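Computed from the coordinates by the stated procedures, all read-outs in this text should not be read as laboratory data. Please read all numbers here as calculations on a predicted model, not as lab measurements. Glycine gets a Cβ as well: all are built from the backbone with ideal geometry, and neighbour counts include every protein chain shown.
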Amino acid sequence: MTRLLFVHAHPDDETLWNGVTIAHHALAGDDVHVATCTLGEEGEVIPPELEHLEGSEDLADVRRAELSGALQVLGATGHLLGFRDSGMVGSPAAADPRALVNNLAAATAALRELIDELQPDVLVTYEQYGGYGHPDHIATHRATVAAAGQLPVWQTVVPKSWAQQDREWVANHPLEPGLSPVPVDAPWDPSVVPDDTVTHRVVDEAAGGVRAKALTHHRTQVVVHDGYFALSNNVAKRLGDREAFVS
């Protein structure tokens, strides 16, 4: 049995970035754990009936419950590190002394303590740019790498061929009104890498189905449709059954 520790910044990141891999290993009988650095207090809220939560500290409790539901579906054990969401680049939330970006040493120490307790075989997190540059994702990557010691760290990436296929799939798929695809010629996020640099791939249709079900628990942040999902920016992205890593 393999023990894996996934380290993420906010509730929903575990499912969006690594839901297939988490479910894949859980279905295989491995011991899967997810550490979440913050409770996503700065997240935008999608459902109109929950709009009052946006900008409120009450959002943390709701997102904690969403995370718990998603992890139960994925088959993973959750661990909360207790830091605060720093917000997107330029957000005033980054000035909060509780913000993750102001607590890199403390986050590293908390992860080391968790690693000592769990004794995982592998750590999984973002690549150095946090996927798309979110300050908390970058801080999470740095804390994880600093805490890893001799443990292997799988950094989540997307092979360019997969990224191209996914964009084309969404562009040719009927979308719900109000949603739009990413333009086929838009710049790639830093997490999109040449195929030949990828060291690990997980492709699992059953795990993809589990991931889709888990994602529905994050209803303040994500709307799940047939084969795709959208965040508060109303940009449709493919809901796939494959994930990739470099180590």
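Before moving on, here are some points about what is shown:
- Restricting region 1-44 to residues that are closer than 24 Å to residue 220 by Cβ and among the charged types (D, E, K, R), the residue that is surrounded by the fewest Cβ atoms within 10 Å (Cβ to Cβ): 44
- Taking the criterion of being under 17 Å from the mean Cα position of the chain (by Cα), part of a loop (DSSP other than H, G, I, E, B) and either surrounded by 17 or more Cβ atoms within 10 Å (Cβ to Cβ) or of a type in the set (Gly, Ala, Ser) (or both), the residues of region 231-247 that qualify are 231, 232, 239, 240, 241.
- Residue match in region 200-207 (condition: over 30 Å from residue 48 (Cβ atoms), over 15 Å from the mean Cα position of the chain (by Cα) and small (Gly, Ala, Ser)): yes
Here's the yes/no breakdown for (1) farther than 26 Å from residue 189 by Cα; (2) touching a residue at least 24 places away in the same chain (Cβ under 8 Å); (3) outside any strand (DSSP E or B):
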{"residue": "42", "(1), (2), (3)": "no, yes, yes"}
{"residue": "70", "(1), (2), (3)": "no, yes, yes"}
{"residue": "81", "(1), (2), (3)": "yes, yes, no"}
{"residue": "88", "(1), (2), (3)": "no, yes, yes"}
{"residue": "94", "(1), (2), (3)": "no, yes, yes"}
{"residue": "112", "(1), (2), (3)": "yes, yes, yes"}
{"residue": "124", "(1), (2), (3)": "no, yes, no"}
{"residue": "137", "(1), (2), (3)": "no, yes, yes"}
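- Picking from residues in region 213-230 that are free of Cβ contacts under 8 Å to residues at least 60 places away in the same chain and out of contact with any helix residue (DSSP H, G or I) (no Cβ under 7 Å at 6 or more places or on another chain), the one that is surrounded by the fewest Cβ atoms within 10 Å (Cβ to Cβ) is 226.
- Test: residue in region 164-174 that is more than 25 Å from residue 202 (Cα to Cα), touching a residue at least 12 places away in the same chain (Cβ under 8 Å), of a type in the set (Gly, Ala, Ser) and surrounded by 13 or more Cβ atoms within 10 Å (Cβ to Cβ): no
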